[in-house]
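I have placed the structure first, in the form of structure tokens, so that the comments after it can refer back to it.
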Amino acid sequence: MSNRMWGGRFATGPDAIMAEINASIDFDKTLYRQDIAGSKAHVAMLAKQGIIAAEDAARIDEGLDAVRAEIDSGGFTFSRELEDIHMNVEKRLADLIGPAAGRLHTARSRNDQVATDFRLWVRDTIDDLDSALADLQVALLDKAEAHAATVMPGFTHLQTAQPVTFGHHLMAYVEMIGRDRGRFQDARARLNECPLGAAALAGTSFPIDRFATAAALGFDRPTANSLDSVSDRDFALETLSAASIAAMHLSRLAEEIVIWCSAPFGFIRLSDRFTTGSSIMPQKRNPDAAELARAKTGRIIGALNTLLIVMKGLPLAYAKDMQEDKEPTFDALSSLSLVIAASAGMVRDLEPDAKAMKKAAGGGYSTATDLADWLVRVIGMPFREAHHVTGRIVAAAAEAGLPLDRVPLATMQAVDDRITEAVFDVLTVDRSVKSRTSHGGTAPANVRREIRAWRRRLAKEAKALQGA
């Protein structure tokens, strides 16, 4: 029996293994809304151009609405024999309206159809991810505002470096996520061209209006080259690249949450809502949400690698290899969405231990740089000399087992007799963070100013989105 999609060229159906490897309906049914939207735009254009009768177009449009309603309600039966979402929809349309359904595929191919569907899905998903990332920024801003002056140790090499504030630390992630949103928005802008009407690879001889279908589907313009239209998956690659970077950022946040929750640090506490217990150790409170957020980054980055490898050796135009574009993309962006939601939940849930943070901030001689800066500013000492003098004072403090602000003045003066009692004004962690007033610095006033600026920016973006 010949395949009903391929027509008379084939006398028999595919081998069972061929059917198994060829079918994509198990995952591309995700595209049904986009597929039906593309078909509705296409059939409206065909009728307007006089390529099919208006009566047939109306019946097709009405039938497509009925098919979508069936799928929405869960009453649609997907068939693996029909391979993909396109043929499942078209077959059900034929069941509902008869032979007129066969006119829907005029002047298009499954090649440009799937390229359009996939772009629409990626575009919709980018919009959802942007909204979720903006919500995460709000969660971070709220927590940062509450702790703009909460002192904690800043680290380099995971060694105590200089005091910062918890609010300042969280604001670093607001900046990262802002760049992530920018990358997604850039990817969206580039993908917003419509492949529909490129047909299999060479365009069509029918007098179609590709600008009309592009506009109907919310694209900026039709794609310019029919070969590129059906063979391009840059839009998915670019989106997966942005997703991978975003996931990396969220993995870094998750790693810090794991560290901060650990007993040696004890900087924050997560409630039962975002932790789990142990099957054998009743005292345990494990930050599993953070650990899983960290782990899912691997599958997101893996999806990018998968698609890069699929595409790297393909000649123009379409090849069946490209069917492997959807599963990793669907999985990666779904995983990222879950990680974003979990991250926002953890940020809102976590409660810092300000006393533990401040105590740790004073360890490791974290105000040594403040001492060196004082020597430069007050005595006029060259910084390299001040660095050396400070190092000798820190060594003396370590030998005596004293924090820097408890080192006797006489001990400091034994290193350099120009040091006065005024030096103690800069050696506490509170004074240290308040002094860091340079643009982008950790001073609480800076942090609050940046929070206000970000809130204005997010409000402006939300207003622009509502007006779009």
Ranked from the most accessible area to the least, with a 1.4 Å probe and all protein chains present, what is the order of 309, 280, 71?
280, 309, 71
Can you tally the net charge around residue 120? Count Lys and Arg as +1, Asp and Glu as -1, for every other residue whose Cβ sits under 9 Å from the Cβ of residue 120.
0
Scattering profile of segment 289-413 at q = 0.10, 0.13, 0.23 Å⁻¹ [log10 I(q)/I(0), Debye over alpha-carbon scatterers]
-0.65, -0.72, -1.23
Rounded to two decimals, what ratio of Rg to Rh does segment 177-224 give with C-alpha atoms and a Kirkwood Rh?
1.15
Dividing the Cα radius of gyration by the Kirkwood radius, what Rg/Rh value follows for segment 110-360?
1.10
To the nearest 20 debye, segment 16-103 has a Cα-centred charge dipole, built from +1 on Lys and Arg Cβ and -1 on Asp and Glu Cβ, of 240 debye
Over the alpha-carbon set of segment 16-103, divide Rg by the Kirkwood Rh and report the Rg/Rh ratio to two decimals.
1.01
Tally Lys and Arg at +1 and Asp and Glu at -1 over the other residues with C-beta under 13 Å from the C-beta of residue 292: what net charge comes out?
0
With a 1.4 Å probe and every protein chain left in place, tell me how much accessible area residue 437 has, in Å² to the nearest 10.
90 Å²
Using 0.36 nm times the number of residues separating residue 209 and residue 186, minus their current alpha carbon distance, what extension gain do you get?
5.6 nm
Compute the orientation-averaged projected area for segment 114-219 from the convex hull of its Cα atoms and round it to one decimal in nm².
9.6 nm²
Each label sits 7 Å from Cα toward the beta-carbon; between residue 252 and residue 388 the label points are separated, in nm, by 3.6 nm
Can you give the convex hull volume per residue for the Cα atoms of segment 126-183, as a whole number of Å³?
75 Å³
Around residue 254, under 14 Å between beta carbons, what's the net of Lys plus Arg minus Asp minus Glu among the other residues?
-2
At q = 0.26 Å⁻¹, what log₁₀ I(q)/I(0) does segment 364-435 have when each alpha carbon counts as one equal point scatterer in the Debye sum?
-1.34
Between residue 356 and residue 94, the FRET efficiency computed from the C-beta separation at R0 = 56 Å comes out, to the nearest 0.05, as 0.25
Taking 51 Å as R0, compute the FRET efficiency from the Cβ-Cβ separation of residue 295 and residue 54 and round it to 0.05.
0.40
Residue by residue through segment 406-415, the couplings from Karplus 6.51 cos²θ - 1.76 cosθ + 1.60 with θ = phi - 60°, in Hz, x for Gly and Pro, are 10, 5, x, 4, 4, 5, 5, 5, 5, 7
Provide the solvent-accessible area of residue 70, counting protein heavy atoms only and rolling a 1.4 Å probe, rounded to the nearest 10 Å².
40 Å²
Using just the alpha carbons, could you tell me how many Å³ per residue the convex hull of the chain encloses?
203 Å³
Estimated inter-spin distance, residue 406 and residue 200, nm [label 7 Å along Cα→Cβ]:
8.4 nm
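The values are calculated or read from the model by the stated rules, or taken from the named source; none is laboratory data. All figures in this text were calculated on a predicted structure; none of them were measured in a lab. A quick note on method: Cβ atoms are made from the backbone with ideal geometry, for glycine too, and the neighbour counts reach across all protein chains shown. Please note that ligands, DNA and RNA were not included when accessible areas were found on the heavy atoms of the full protein model with its side chains. Shrake-Rupley method; radii C 1.70, N 1.55, O 1.52, S 1.80 Å.
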